[in-house]
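Okay, structure first, notes after.
The values are calculated or read from the model by the stated rules, or taken from the named source; none is laboratory data. Bear in mind the structure is a predicted one, so any value in this text is a computation, not a measurement. We place every Cβ from the backbone using ideal geometry, glycine too, and count neighbours over all the protein chains shown. Please note that ligands, DNA and RNA were not included when accessible areas were found on the heavy atoms of the full protein model with its side chains. Shrake-Rupley method; radii C 1.70, N 1.55, O 1.52, S 1.80 Å.
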Amino acid sequence: MIFPKERNSNNENFDIKTSSISSNTFDNSNNYFSFGVSGVNSFRASDRCSYTAEIIDTFRSNNYTDEHTKSSENNKNASQAMPQAMSRTNAVAAVQADLIIQKAVNPCVGSVGEKIQVSYQLKNQGTANAGSNYTYFYLSKDKTLSDRDIYLGNDYISNIDNGSHSCQSITLSISNNIAAGSYYLLYQADGNKDIAESNETNNIAAKAITVTKNIAYNSTDGYGLINAAAAVAKVLGQTTFANVPDLGGNDWGADAIKAPEVWAKGYTGKGVTVAVVDTGVDRNHSDLKSNIWKNTKEIAGNSKDDDGNGYIDDIYGWNFVNNNNNTLDGNSHGTHVSGTIAGVKNNFGVTGIAYDAKIMPIKVLGDDGYGEDSGVAQGIRYAANNGANVINLSLTSDQPNTDIESAVEYAATKGVIVVMAAGNFSGSEPIYPAYYAKKSGLAVGAVDKYQKMAYLSNKAGTDSLPYVTAPGVDVYSTFPGNEYGFRDGTSMATPHVAGVIALMLSAKKGLTDTQVRQIVTTTAGNSLA
């Protein structure tokens, strides 16, 4: 740019040193440029000079003031004294890219578990080149992007010159967990926001697509994502409940399995007891203490077995590691599981899937997270004999054990549903005790917030068994000492399913193991129903 001459009051020679761009005034918020005047060491105030300044691509388009400051060896204060004298207001438009989607093409129909071919043009209608960027793809119930939309993948683009376009094609997979129905496929230009654009509001194109289902069970995710709304509705002889607004944020897991839809109908787990057979539970946590089961048949502190169940002073369950009544959690695992099941609905921390259910603490794993098979088997039987309706087993072993297998079957005969973690070894089938779901109970795998199978989760296997999935990545829940935190694993997915079963039982008491298995699997994500 060329700027007009300005006269110095002292008529001295000076060198141009710096320039900046600002909205109106010269201050520390200005965007700074440095340049030299080629071939000119000094000039008089009557001279003119030119220079080139690059406006980097992080500027937003706007009108700016071009500010110039000078310095002079003859006047050490000149650089401070002269900004006003050297200032000129010039309209400076930031040069930026602007990426849009055009000519988007995708199939009108896609099937769950299959792939679709997508093509589109990514055009740069801005005034600057666009560097490397990604186009993201989502399935959405409407034409706007939200946290509830299902991420399908992305496409990398290396560079697009201003005024040019790039023809792209990509193959996308429709996950087995996705429900059948009408959607929009959203194409989001610069989905990772790598490019500063002159217009950030025109990046999304939406094309209609219908998703169909033609499977019920598969070896990866079994019957698919558990659906609380459909399961509880089926218990009541109804079709699935209407959608309600998402909770969002850290409660995305409850949204994913449609728990709020059940709460809206008045079913919250009230009157149902879920045994957490784990590392113990912090029963004093503010988000749990009002939902801790208490053995009312036992008199605290009298050192007697008042209820005759074989355990003395088992007011808050039993510790099968140390053979005493201390069921507090020195690890955090069992407390985290408990918050997902029955964290209080108090607009703080975490809201459990069955937030009015009771938690029965049973400690079978030490503070190091390990325990004996015999303790696990005894814990299951204790829960079944002392009023539990659901048993959560967020624990695994790579070896079978007949005592545990027998205990799971015993619980089923007592009308208690045992929910078991499939394992975190990326295996092709569940490990123990989840493998026993072939006969009793349910096995649970983990998915992430995009309803993709978690890489760590053991899969369902080729032999059909009641296996469903639930949120198990970045799950936020209670930690001991009134703390909260995130955990990953099928251990975190399992309490989501235990919570859904508690909702089912709060809607209809007396459901058998067989009935629960049938309802959960026929209403889950991969079901034909």
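General observations
- Hits in the stretch 356-405 (condition: touching a Leu at 6+ places or on another chain (Cβ under 8 Å) and under 15 Å from residue 418 (Cβ atoms)): 364, 376, 380, 389, 390, 395
- Where strands (runs of 3 or more DSSP E) fall wholly inside the stretch 148-188, no range has 1 or more residues that are among the charged types (D, E, K, R) and within 15 Å of residue 210 (Cα to Cα).
- Residue selected from the stretch 350-382 under the condition farther than 24 Å from residue 469 by Cα and of a type in the set (Gly, Ala, Ser), by the criterion surrounded by the most Cβ atoms within 10 Å (Cβ to Cβ): 379
- Under the condition of being open to solvent by less than 10 Å² (accessible area, probe 1.4 Å) and either assigned to a loop (DSSP other than H, G, I, E, B) or basic (Lys, Arg) (or both), the residues counted in the stretch 408-429 number 3.
- Close pairs from the stretch 384-407: first open to solvent by less than 50 Å² (accessible area, probe 1.4 Å), partner basic (Lys, Arg) and assigned to a strand (DSSP E or B), Cβ under 6 Å, at least 6 apart: none
- Counted residues, the stretch 432-476 - those being of a type in the set (Ser, Thr, Tyr) and under 13 Å from the mean Cα position of the chain (by Cα): 2
- Taking the numbered list (1) in a loop (DSSP other than H, G, I, E, B); (2) in contact with a strand residue (DSSP E or B) (Cβ under 7 Å, 6 or more places away or on another chain) in turn, residue 245 passes all entries but (2).
- Within the stretch 93-105, considering residues that are in a loop (DSSP other than H, G, I, E, B) and open to solvent by 20 Å² or more (accessible area, probe 1.4 Å), the one nearest to residue 195 (Cα to Cα): 95
- Those residues of the stretch 168-218 which are open to solvent by 30 Å² or more (accessible area, probe 1.4 Å), touching a residue at least 40 places away in the same chain (Cβ under 8 Å) and over 23 Å from residue 451 (Cβ atoms), in sequence order: 168, 169, 194, 198, 199, 202
- Any hit, the stretch 426-449, residues being under 14 Å from residue 223 (Cα atoms) and out of contact with any helix residue (DSSP H, G or I) (no Cβ under 9 Å at 6 or more places or on another chain): yes
- Only one of the numbered conditions (1) open to solvent by less than 50 Å² (accessible area, probe 1.4 Å); (2) without any contact (Cβ under 8 Å) to a residue 24 or more places away in the chain; (3) under 28 Å from residue 370 (Cβ atoms); (4) of a type outside the set (S, T, N, Q) is violated by residue 307, and that is (3).
- Residue list for the stretch 160-192, restricted to those being at positive phi and more than 29 Å from the chain's Cα centre (by Cα): 163
- Filtered residues of the stretch 155-167 (kept if open to solvent by 30 Å² or more (accessible area, probe 1.4 Å) and among the charged types (D, E, K, R)): 161
- Subset of the stretch 431-460 [assigned to a loop (DSSP other than H, G, I, E, B) and either open to solvent by 50 Å² or more (accessible area, probe 1.4 Å) or free of Cβ contacts under 8 Å to residues at least 24 places away in the same chain (or both)]: 439, 449, 450, 452, 455, 459
- Residue 250 being in a helix (DSSP H, G or I), polar (S, T, N, Q) and at negative phi: yes
- In the stretch 114-139, of all residues being open to solvent by 20 Å² or more (accessible area, probe 1.4 Å), among the hydroxyl-bearing types (Ser, Thr, Tyr) and modelled with pLDDT of 95 or more, the one that is nearest to residue 150 (Cα to Cα) corresponds to 138.
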